[in-house]
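The block underneath contains the structure these notes are about, expressed in structure tokens.
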Amino acid sequence: MAAHRNTLRFLVTDLILGRVDTGHPLYRFLRLNGMSQRTLHWFLGHPAKIDLLALDYYIHSEMQWRTGKDRIERICPSPVPKGFATVARDYIERYQRPVMLGETNIRGEVADRLGWLKYTYQECEALAQSEGVDFRGYGWFPIWDSCAWARDLCRTAKTEVDPVGIYSLDEKRERRIPTELSRTFEALAKGRITSRDIRPYAFQPPVSDWMRGYARFTEDWVWREAGEEAA
């Protein structure tokens, strides 16, 4: 299951780049699941061009699979994540393209999002400083809290704010509220600070549970004193 899923994550990109021929490990999988030979041959003959590969990375992007007595169990988030930099290198080695972190966020308090910003940005800095890696940029989505993405995408009204943005929204969803997170993001974007300058807060539940496997990435962080709050 794990080997199949690891190959499956590359499938769409392989397909549009014209890499899925009869020797591809998922060729038979596609044929058994309804894709015709004619369609597969079309992709082989019409490869797309990718100039920059923008990768998504969320807390749920890494997972593990465990075989139980009568079922296969998915464990997400992974208790032993490889981390964004290592995952990105898998794509760099496979496709030999420039990469960026195209999309990330975490659902939680401003302080939790500040910690996720620090973690993901330090991973991007490590990539940018690596020999042979053409790393281009960092993107957080969305710039302000979502109002329709999590649950009500197909409805016309949203009753609650989804706390995932760089800017917060008021309860009426009418005003964008600057916070320590937005000020820190601006300072990073303008090159005034690096990830090392971000002062993290202790993660709060449920984010603290999700982040448990990331302890090795945060072991050198200097945490804020208890009682300090992000504004």
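No value in this document is a laboratory result; all are computed from the given coordinates. Here the structure is a predicted model, which means the values were calculated and not measured. Note that we place each Cβ from the backbone using ideal geometry, even for glycine, and neighbour counts take in every protein chain shown.
Geometric descriptor of the chain, per residue, is 183 Å³ (volume of the convex hull of the Cα atoms). Each of residue 176 and residue 6 was given a label point 7 Å from its Cα along the Cα-to-Cβ line. The distance between the two points is 4.1 nm.
Ignoring lysines fewer than eight residues from residue 82 along the same chain, the ones with Cα atoms less than 23 angstrom from its Cα are 118. Springs join every pair of Cα atoms under 10 Å in this Gaussian network model of the chain, and among 16, 166, 106 the largest mean-square fluctuation is at 16.
From its DSSP helices (H runs of at least four residues, each -39,500 (n - 2.57)), the chain gives a residue-normalised ellipticity at 222 nm of -9000 deg cm²/dmol.
FRET efficiency for the residue 35 to residue 197 pair, using the beta carbon distance and R₀ = 35 Å, is estimated at 0.10.
Taking 0.36 nm per residue of sequence separation and subtracting the Cα-Cα distance, how much length would be gained by fully extending the chain between residue 48 and residue 160, in nm to one decimal?
36.3 nm
Given R₀ = 35 Å, what would the calculated FRET efficiency be for residue 215 paired with residue 183, taking r from the Cβ atoms and rounding to 0.05?
Computed FRET efficiency for residue 215 and residue 183 comes out at 0.85.
Label positions at residue 80 and residue 141, each projected 7 Å from the Cα along the C-beta direction, are separated by 3.1 nm. A simple rule links phi to the HN-Hα coupling: the Karplus curve 6.51 cos²θ - 1.76 cosθ + 1.60 with θ = phi - 60°, which for region 195-210 gives 4, 5, 7, 7, 8, x, 9, 4, 5, 9, x, x, 4, 4, 6, 4 Hz, with x for Gly and Pro.
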